[in-house]
Amino acid sequence: MKKFGFPKMASILLLVICLFPLVALAGNTNIPQKRNPDQVLLVVNENSPVSKSIGDDYALKRQIRNRLSVRCQDSALSTVNETMTLTTYTESIETPIRGFLAVHTNIDFIVLTKGIPIRITGAAMGSCDENSREPVSIRGHPSVDSYLSALDYTNISGTVKIHLFGSGGMGYAYSNRYWNATEPFSHAKFGGYLVTRLDGYSEADAKSLVDRALAAEKDPLRFLGQGKVLLDVQPAFGLGDKATQPGPITTTNIQAESAWSEFNADMRHASDVLASRGIPVELDLSTIFVGSRSNLLGYFSWGSNDPSCSTNAYLSLFFAPGALIDTAVSTSARTFLPTQGGQSLMVDLIAHGLTGGKG
């Protein structure tokens with residue numbers, strides 16, 4: 001989980017998951033308890049047939065009763081519609097959700113659906129190109145998901161706002177109040193909301209996320225003996241010191257990107273944690289970009305930022321139900337529609353069977 005960027009982050013954060021624990025994290029003992037469906041708010045776009053269909057499917061399979069319909073542009077139709085102005089977002093999405101939450105104070109989780117835009121333009125939070133000449137008050141481009149996740153952050157004592165600059169971008173983000181927590185999330189304790197979405201290249205891909213989560217929950221230990229978590233380190237960036245991970249935020253004015261070796265150190269630390277909990281793990285320390293793996297329980301790599309990455313290798317990865325992924329790629333969730341060029345996309349891995357991912 002990211003240190004900052006869960007709420008109103010500097011880049012896109014989209015979690016594609018089904019909100020309930022997917023697999024056991026320790027042998028046969030620490031199987032997480034399911035959360036109550038009444039803690040979940042499902043949001044659908046009434047202007048999007050795809051969004052409504054995905055919402056219907058999710059509500060039925062998860063027994064969701066808290067459902068809110070909003071009306072905005074249909075992002076399932078075109079990449080242009082995936083971005084909305086701050087004014088439109090506030091009027092069509094945030095305001096009705098705030099109204100619902102004011103009455104339903106038991107909500108901890110918000111689930112968005114394909115057809116709801118993924119990005120806001122013209123915000124004070126979020127990031128933009130470091131050479132942007134736009135006024136600070138309107139140059140941010142945060143994700144819809146992350147903006148919603150921090151609805152009440154400004155009213156919470158101790159909230160930390162961070163200025164980010166580096167790697168070609170600049171902007172502002174709130175420090176994630178839930179980062180590095182060791183207990184289940186609740187709005188009452190941590191503030192904000194855990195916001196996820198059901199999305200993919202197609203309606204079928206989005207619906208499959210629910211089916212995969214349910215399959216993993218039905219027999220959570222079954223898949224542990226059939227696959228591994230793949231952690232694909234790129235040693236050319238340096239291995240870092242795994243004892244320092246996860247590293248804390250030490251300043252509110254971050255003027256440079258973290259050393260790339262830290263992500264490698266983070267993966268090496270994760271390998272130790274997984275192994276100690278009986279989770280099969282493959283830690284690859286070679287310079288080769290690993291492909292040709294199936295039934296993966298999880299996947300973390302440099303994606304297209306790895307100098308050895310090849311599209312063929314990336315697209316030769318397939319996942320077991322319940323699998324979680326992340327890649328160190330700044331624009332991996334820039335779209336959920338077919339596109340050409342650019343960095344590697346998380347949505348390609350949704351099509352290959354993942355259940356949850358961050359981009």
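When the chain is treated as a GNM with alpha-carbon contacts under 10 Å, the residue of 183, 257, 217 showing the greatest mean-square fluctuation is 183. Among the listed options [x] 139; [y] 176; [z] 130, the one matching volume of the Cα convex hull per residue in Å³ as calculated from these coordinates is [z].
Ordering 305, 261, 337 by the projection of their Cα atoms onto the charge dipole of the chain, which places +1 on the Cβ of Lys and Arg and -1 on the Cβ of Asp and Glu, puts 337 at the extreme positive end.
Can you compute the charge dipole magnitude of the chain about its Cα centre, using +1 on each Lys and Arg Cβ and -1 on each Asp and Glu Cβ, nothing else charged? Give it in debye, rounded to the nearest 20.
660
Pairs of Cα atoms under 8 Å, at least six residues apart: use those to get the relative contact order of the range 76-132, whole percent.
59
First select every other residue whose beta carbon is under 12 angstrom from the beta carbon of residue 308; then total the charges, Lys and Arg +1, Asp and Glu -1. The answer is -3.
Put a dot 7 Å past the Cα of residue 343, heading toward its Cβ, do the same for residue 129, and the two dots end up 1.6 nm apart. In loop segments of the range 54-113 as defined by DSSP, there are no GluC sites (Glu not before Pro) with at most 13 further C-beta atoms inside 10 Å of their C-beta.
Karplus-based coupling profile of the range 240-247, in residue order and whole Hz: x, 10, 5, 5, 8, 9, x, x, with θ = phi - 60° in 6.51 cos²θ - 1.76 cosθ + 1.60 and x standing for Gly or Pro.
As a length-normalised measure over Cα pairs under 8 Å and 6 or more apart, the relative contact order of the chain settles at 21 percent.
Given +1 at the Cβ of Lys and Arg, -1 at the Cβ of Asp and Glu and no other charges, the dipole of the range 138-246 around its Cα centre is 220 debye to the nearest 20.
Shown in residue order for the range 155-162 are the 3J(HN,Hα) couplings computed by the Karplus curve 6.51 cos²θ - 1.76 cosθ + 1.60 at θ = phi - 60°: 9, 9, 5, x, 4, 10, 9, 10 Hz (x for Gly and Pro).
Take the chain, connect every pair of alpha-carbon atoms lying under 10 Å apart with a spring to form a Gaussian network, then pick out the residue of 55, 238, 342 with the largest mean-square fluctuation. Answer for the Gaussian network model of the chain: 342.
About its Cα centre, the dipole of the range 220-358 is roughly 380 debye, where the only charges are +1 on Lys and Arg Cβ and -1 on Asp and Glu Cβ.
Quick one: check the C-alpha center-to-center distance for the range 293-353 versus the range 155-215, whole angstrom. Here the two parts' Cα centres lie 19 Å apart. When each of the peptides 244-253, 218-227, 172-181 is scored by how many other beta carbons lie within 10 Å of its residues on average, the order from highest to lowest is 172-181, 218-227, 244-253. Only beta bridges with both residues in the chain are counted; by DSSP, about 30 percent of them are antiparallel. Pairs of Cα atoms in the range 37-198 fall into 10 Å distance bins, from 0 up to the last occupied one, in shares of 10, 37, 36, 16, 1 percent.
Near the amide H of residue 76, within less than 5 Å, lie the amide hydrogens of 115, all on another chain or at least 5 residues away, with H placed in the peptide plane. Per-residue ellipticity at 222 nm from helix content only, as computed over the chain with -39500 (n - 2.57) for each DSSP H run of at least four residues, stands at -6000 deg cm²/dmol. Between residue 102 and residue 163, the modelled labels are 3.4 nm apart [label points 7 Å from Cα along Cα→Cβ]. With contacts taken as Cα pairs under 8 Å at a separation of at least 6 residues, the range 57-173 carries a relative contact order of 22 percent.
We did not get these values from a lab; they are worked out from the coordinates using the rules stated. In this text, all values refer to a predicted model and were calculated from it rather than measured experimentally. Cβ: placed from backbone, ideal geometry, glycine included. Neighbour counts: every protein chain shown.
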